[in-house]
Amino acid sequence: LPFPAGERWWLTGGPHGGWGEGSALAAIDLVPDEAERGCFASSRWATAVADGVVAATGPGQVWLDLDGDGDRRTGPVVLYLHLAEDGRAPLGARLKAGDRVGRPSCEGGFSNATHLHLARLHDGEWLAADGAAPMELGGWRVFGAGTSYDGGLSRAGGDRRDACECRQEGVNDVSAP
């Protein structure tokens, strides 16, 4: 998962556009478990879901290249969006799975609340989060419900979490073992 073991975050957005409207339903949204609401730089850290190199950065952005060639147009890439500038992984940084990428905020793109927007690409093309090869994070698999932001996560044993703009234990809480 894109956060440290032992933490609980909230799934607030199922599969939706990776980069603006009209792009593949490549992204999900997660909110760190903090009392504060609205736009602020979180005290929690988003972490690398796999080993890689930071191939590009921008306002609120880190593009983590998983094949390590430093080119976000080739191989698998994970986009982290809405990361605060302070503490964000710099261009060229080589990260190991679990290393800090940045702190969720409202920076970059459109956002009215602090969260992490996480999306995947392969060879420069967005990969649907719930497609033929669904996004899998820490044993959780993304599923869609046919409409942007709907859907959720499921894992072996029947656990299921549905995306919602809420914080309800057993509904949209996600924890790393």
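The values are calculated or read from the model by the stated rules, or taken from the named source; none is laboratory data. Bear in mind that the values here come from a model prediction, so they are computed numbers and not experimental data. Cβ coordinates were reconstructed from backbone atoms using ideal geometry, including for glycine residues, and neighbour counts include every protein chain displayed. Ligands, DNA and RNA are excluded from the accessible area calculation, which covers all protein heavy atoms including side chains. Shrake-Rupley method; radii C 1.70, N 1.55, O 1.52, S 1.80 Å.
Rounded to the nearest 20 Debye, what is the dipole magnitude of the range 32-130 about its Cα centre when Lys and Arg each give +1 and Asp and Glu each give -1 at the C-beta? Numbers along the way, then the final one.
Numbers: 10 positive and 15 negative charges, 39 e Å.
So the magnitude is around 180 debye.
Order the following by accessible area, largest value first: LEU127, LEU30. Probe radius 1.4 Å; ligands, DNA and RNA are ignored. Each step should come with its number before you reach the end.
On the way: LEU127 65, LEU30 0 Å².
Result of the area sort, largest leading: LEU127, LEU30.
Tell me the carbon and sulfur percent of the accessible area for the chain, rounded to whole percent, probe radius 1.4 Å. Display every interim value, and only then the final one.
On the way: 3900 of 8120 Å².
The nonpolar share, carbon plus sulfur, comes to 48 percent.
Compare the Cα positions of ALA129, GLY20, GLY68 along the charge dipole of the chain (+1 at Cβ of Lys, Arg; -1 at Cβ of Asp, Glu; about the Cα centre) and return the one farthest towards the positive end.
Selected residue: GLY68.
Could you compute the net charge surrounding ASP159? Neighbours are other residues with a C-beta less than 12 Å from the C-beta of ASP159; K and R count +1, D and E count -1.
Details: positive: ARG141, ARG155, ARG160, ARG161; negative: ASP162, ASP173.
With Lys, Arg at +1 and Asp, Glu at -1, the neighbours total +2.
Would you please report the Å³ per residue occupied by the convex hull of the alpha carbon atoms in the range 31-170?
On the way: hull volume 16.4 nm³, N = 140.
With only Cα atoms used, the range 31-170 gives 117 Å³ per residue.
Just how large is the dipole of the chain about the Cα centre, in debye to the nearest 20, putting +1 at every Lys and Arg Cβ and -1 at every Asp and Glu Cβ? Let's see the in-between values first.
Working: 16 positive and 25 negative charges, 48 e Å.
The dipole magnitude comes to about 240 debye.
Report the charge-dipole magnitude of the range 33-73 in Debye, nearest 20, computed about the Cα centre from +1 at each Lys and Arg Cβ and -1 at each Asp and Glu Cβ.
Details: 4 positive and 8 negative charges, 39 e Å.
With only Lys, Arg, Asp and Glu charged at Cβ, the dipole is about 180 debye.
Rounded to the nearest 10 Å², what accessible area does THR57 show when all protein chains are kept and the probe is 1.4 Å?
Its accessible surface works out to 70 Å², give or take rounding.
So if R0 is 22 Å, what FRET efficiency would ASP159 and ASP33 give, r being the distance between their Cβ atoms, rounded to the nearest 0.05? Intermediate results must be reported in sequence, preceding the final value.
Details: r = 18 Å, r/R0 = 0.80.
That gives a FRET efficiency of 0.80.
With all protein chains present, calculate the accessible area of ARG155 using a 1.4 Å probe and round the result to the nearest 10 Å².
Only protein atoms counted, so the area is about 80 Å².
How big is the range 97-177 on each of its three principal axes, counting only the C-alpha atoms and giving the largest first in Å?
Over the range 97-177, Cα extents along the principal axes are 35, 32, 30 Å.
Lys and Arg at +1, Asp and Glu at -1: add these up for the other residues within a Cβ distance under 11 Å of GLY68 and post the number. Walk me through the intermediate numbers first.
On the way: positive: ARG94; negative: ASP51, ASP65, ASP67, ASP69, ASP71.
With Lys, Arg at +1 and Asp, Glu at -1, the net is -4.
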